[in-house]
Amino acid sequence: MKRKPNQFRAFLAITYYAFKAQTRNKSTFFFGFLFPLVFISIFGLIGNANPKVTIGIPSSSNMQNQVIQNVKQSPAITTVVSDNQTLLSQIKQGKIDGLLNVTSNQGANTSYATTLTTSASNPQNAAVVQLLVKGIVDQSNVEISGITTPQISFTITKITGRQSRYIDFALPGMIGFSLLSTAIFGVVFGLIFLKKQLVIKRMFATPMLPLTFLFGQGMSRLIIAIFQTILILVVGVYVFHFYLPHGFETFMDLMILSVFGLVAFLGFGYFMAGLANDENSANPMINLVTLPQFLLSGTFFPTSSLPSWVQPIATNLPLSYFNEAVRKITTEGGSLHDTIPYLLGLSVWGILMYVLAAKTFKWE
Amino acid sequence: MQSHQNEKAIITVSNLHKKFGDFVAVTDVSFEVKKGEIFGILGPNGAGKTTTLEIIETLQKQTSGNVIVDGIDTLKHPWDVKRTIGVQLQSAGFYPELTLVDILQLFAALYDVEVSPMKLLEEVELQDKAKSYVNKLSGGQRQRFSIATTLVNTPKIIFLDEPTTGLDPQARIHLWDMIKKINQKGVTIVLTTHYLEEAEELCERVAIMDKGKIVALDSPEALIKKLLKTGFKKHIEVKQADLEDVFIQLTGRHLHEA
Ligand SMILES: Nc1ncnc2c1ncn2[C@@H]1O[C@H](COP(=O)(O)OP(=O)(O)OP(=O)(O)O)[C@@H](O)[C@H]1O
Ligand SMILES: [Mg+2]
């Protein structure tokens, strides 16, 4: 006798069977896999739409006119042809960005007057329309005048770079979102269920240490989280052309960050699962911790677009640290070394939560 | 029923007290369980049966008093006690997403022993349900499965907290047979129950608890004899008295739950 219980085998078994149980659990599937996939699909589609402006051309116009021809051929402009009245009301509603009238000047054959009407309802698009049409009119003037070597030439040099799309911003946020969901929804509701149903108590009648149970459960979540990150990245890269700056190296860096992030977020999960006695007392706690983070941590839109007084809070949230670290790797093509400041911030949160959890955890 | 009264005590409970805040749940409880016997703890709701059992099982800590299980002090070496015993809780659940075989394998790993899940399931006649989930079992099947989990570590003693509560008479008799079979293999059994015929049927000795105290402790036959000696007469003379009369006499007729 006096044999210390072999906790390693117990740990492996809890990890394995808790993992098996979770793969058969609907909420794991829902929060961990379906949610993030639906989100990245939506973001992927948003990212693929090209920014275009719409210009209305009255049906009474001479469609062979050079200016109209050039407007129609411009890749940045969509044109709609309709009667003047309809177009005027559409421009008021902001459905189209500009209305182009081209009328021949009295007498002269090759002389025209172009009038562009823009709307105040979308000033940004109005400005774009104005610039585009002005450019086309100038170009047409040069062509009509037969000038082939203009005195002032204008050349644009394009530096090849990646077109930054919304998915490139949103996908890193989705990794954070799914990890935080797993660590909080999964762990809190999972543990509360096992507590209430006395599953844990029954296991305590065996020579299993409490920490073995928590480590095993945590490990099983970690395995789930790794699958989540892989799934998000694979779908992101192959379906929505998410860009990994250094290919497989970036992928591995993201896996390491995910493990780090999940372990820190698990601290929150354990803290709340230990504090709450049932789902009802857990719900407000969970909302308090997750909702502000989903909104403020740069998951759906950048933290920099928030009002300045929120920024000090927003940038120091655990999920913000995680998201920033991930974007250092993906958007900026950095290395793990560059993420150290964020990982330190995340560690402070994580350690705080584990200490609180250790002090307040109730098994019953 | 073979007597075990000359055997050594495998469990010795001495002067056990348990308080929850100011509330006294168990007070000055002492008894012995002999090696190989089926020992029953009877008592109305809230009498302190579960509390007493869980203290012996090392799931709760006593306020004072001593418990020795198979020569081991439960406070000093809880891990060794846990390895020696098998525990069925009054209403414990299991992972709902795992099959019966999975759960038995998990428990084997927790005890660090090797088991054949199918053999354990055969012992409780659940081999057909090997791939089912606990939630899909009937009440009787669930209790039998719960007993199977207590056998994983081939324990010397198993504790069954109200194993037959909520079962129909047939399922109950079935479970009695199962409990007797396990006992015949040499496993000491401590069980609690509200059913007096169950105690009469299964238990070599019973302790009757009320309001945290043991109010009587003897074999069912001896308890009945003792009551008859006091001049007790049953109104309808089918049988002069049964254990139910002892029980009611000792714990009162009123409903104990507030
Ligand atoms: N954790 C606890 N905190 C406070 N009081 C408790 C706790 N556990 C039990 N009690 C009280 O101790 C008393 C004894 O409870 P116990 O569960 O041991 O009774 P029991 O004999 O098993 O009853 P039952 O037949 O209903 O299962 C009850 O009054 C109960 O309310
Ligand atoms: Mg009880």
- prompt: Among (1) in contact (Cβ under 8 Å) with a residue 24 or more places away in the chain; (2) of a type outside the set (S, T, N, Q); (3) not in a loop (DSSP other than H, G, I, E, B), which single condition is A:K72 missing?
  reply: (1)
Hits in the stretch A:9-50 - residues which are β-branched (V, I, T) and open to solvent by less than 50 Å² (accessible area, probe 1.4 Å): A:I14, A:T15, A:T28, A:I40
task: Restricting attention to the stretch B:6-19, report how many residues are open to solvent by 60 Å² or more (accessible area, probe 1.4 Å) and at pLDDT below 95.
output: 3
- line: Considering only helices (runs of 4 or more DSSP H) wholly within the stretch A:124-207, the ones with at least 3 residues that are under 28 Å from A:P75 (Cα atoms) and in contact with a helix residue (DSSP H, G or I) (Cβ under 9 Å, 6 or more places away or on another chain) are A:166-181
- line: Scanning the stretch A:194-210 residue by residue, the ones that are in contact (Cβ under 8 Å) with a residue 60 or more places away in the chain and either in contact with a strand residue (DSSP E or B) (Cβ under 6 Å, 6 or more places away or on another chain) or more than 8 Å from chain B (Cβ to nearest Cβ) (or both) total 5
query: Tell me, which residue of the stretch B:150-175 that is in contact with a strand residue (DSSP E or B) (Cβ under 9 Å, 6 or more places away or on another chain) and surrounded by fewer than 17 Cβ atoms within 10 Å (Cβ to Cβ) is farthest from B:L89 (Cα to Cα)?
result: B:T154
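Listed here are the residues, each with its yes/no results for (1) of a type in the set (S, T, Y); (2) more than 10 Å from chain A (Cβ to nearest Cβ); (3) within 16 Å of ligand 2 (Cβ to nearest atom).
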site: B:T50; (1), (2), (3): yes, yes, yes
site: B:E54; (1), (2), (3): no, no, yes
site: B:N66; (1), (2), (3): no, yes, no
site: B:H77; (1), (2), (3): no, no, no
site: B:V87; (1), (2), (3): no, no, yes
field: Qualifying residues in the stretch B:131-147 (those that are within 14 Å of chain A (Cβ to nearest Cβ), in a helix (DSSP H, G or I) and more than 23 Å from B:L42 (Cα to Cα)) - the one most open to solvent (accessible area, probe 1.4 Å)
entry: B:K136
Residues within the stretch A:52-65 that are touching a residue at least 24 places away in the same chain (Cβ under 8 Å), open to solvent by 50 Å² or more (accessible area, probe 1.4 Å) and out of contact with any strand residue (DSSP E or B) (no Cβ under 6 Å at 6 or more places or on another chain), tallied: 2
- request: Taking only the stretch B:176-202 into account, find how many residues are away from ligand 1 (no atom under 16 Å from the Cβ) and open to solvent by less than 10 Å² (accessible area, probe 1.4 Å).
  value: 5
message: Restricting to the stretch B:148-167, and then to whatever is over 11 Å from the mean Cα position of the chain (by Cα) and more than 11 Å from chain A (Cβ to nearest Cβ), can you tell me which residue is farthest from ligand 2 (Cβ to nearest atom)?
response: B:T154
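The values are calculated or read from the model by the stated rules, or taken from the named source; none is laboratory data. For clarity, every value in this text was computed on a predicted model and none was experimentally measured. No Cβ is skipped: glycine too gets one built from the backbone with ideal geometry, and neighbour counts run over all protein chains shown. These accessible areas exclude ligands, DNA and RNA; they are computed on the full protein's heavy atoms, side chains included. Shrake-Rupley method; radii C 1.70, N 1.55, O 1.52, S 1.80 Å.
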